[in-house]
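Reviewing the structure listed below.
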Amino acid sequence: MKVISTKLKDCYILEPTVFEDSRGYFFESYNQHKFKELTGLDPVFLQDNQSRSSYGVVRGLHQQRGEYAQAKLVRVLEGSVLDVAVDVREGSSTYGEYVAVELTAENNRQLFVPRGFLHGFAVLSEQATFFYKCDNVYNKASEDGVNPLDKTLSVDWQIPELDMILSEKDQQARSFQ
């Protein structure tokens, strides 16, 4: 596993070592001991989630607050997405900055999104199946978010705005300010 630092502290891109032959391929998608050795972080994942979406769907920007805050390890099983993590940790030198990474079924990349970040993704392919591990359970009362089209953040979702499909909740989410 190769771990690539991003400009945001504790937010990493993971690239597995893929072993291919005439039968197909094999890779280790996550190894807790290697992750801790390479990053110094030791999340314990408690919940796995999966979603399937069509081209143009933008999900986010979401987070869980307080005792239900979550770190996530996200990847794509089918298709392609632009995955976005926004640092909203109080006092962080990169507060309000984001990273955007294309995750595909072909590149097998993953993004580790630490607690204290907003997270979202846009589907760039016809369909995408998105999978993520969380280090805490979901709690509806702790749910929070920012409108993904917020002008302060100015995320380039790589999809024309007319083609974007947002939930009503995301459309009505508050601004970053």
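No value in this document is a laboratory result; all are computed from the given coordinates. Keep in mind it's a predicted model, so treat the numbers as computed, not measured. Ideal geometry is used to build each Cβ from the backbone, glycine not excepted, and the neighbour counts take in all protein chains shown.
In table form, for the structure just shown:
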{"item": "Strands (runs of 3 or more DSSP E) lying entirely in segment 63-152 (those with 1 or more residues that are acidic (Asp, Glu) and surrounded by fewer than 17 Cβ atoms within 10 Å (Cβ to Cβ))", "result": "72-78, 98-104, 143-145"}
{"item": "Meets criteria (polar (S, T, N, Q), over 19 Å from ASP156 (Cβ atoms) and free of Cβ contacts under 8 Å to residues at least 24 places away in the same chain) for SER51", "result": "no"}
{"item": "Search result, residues across segment 154-177 that are closer than 22 Å to ALA128 by Cβ, surrounded by 10 or more Cβ atoms within 10 Å (Cβ to Cβ) and among the hydrophobic types (A, V, I, L, M, F, W, C)", "result": "VAL155, TRP157, ILE159, MET164, ILE165, LEU166, ALA173"}
{"item": "Test set (1) in a loop (DSSP other than H, G, I, E, B); (2) surrounded by 12 or more Cβ atoms within 10 Å (Cβ to Cβ) - ARG52 fails condition number", "result": "(1)"}
{"item": "Members of segment 156-177 that are of a type outside the set (S, T, N, Q), touching a residue at least 40 places away in the same chain (Cβ under 8 Å) and farther than 28 Å from GLU67 by Cβ", "result": "ASP156, TRP157, ILE159, ASP163, MET164, ILE165, LEU166"}
{"item": "Qualifying residue in segment 128-147 (condition: of a type in the set (Asp, Glu) and more than 30 Å from VAL44 (Cβ to Cβ))", "result": "no"}
{"item": "Complete set of residues in segment 1-48 that are farther than 20 Å from PHE131 by Cα, among the hydrophobic types (A, V, I, L, M, F, W, C) and touching a residue at least 40 places away in the same chain (Cβ under 8 Å)", "result": "LEU8, LEU41"}
{"item": "Residue that is nearest to THR94 (Cα to Cα), among those in segment 7-34 that are hydroxyl-bearing (Ser, Thr, Tyr) and surrounded by 13 or more Cβ atoms within 10 Å (Cβ to Cβ)", "result": "TYR12"}
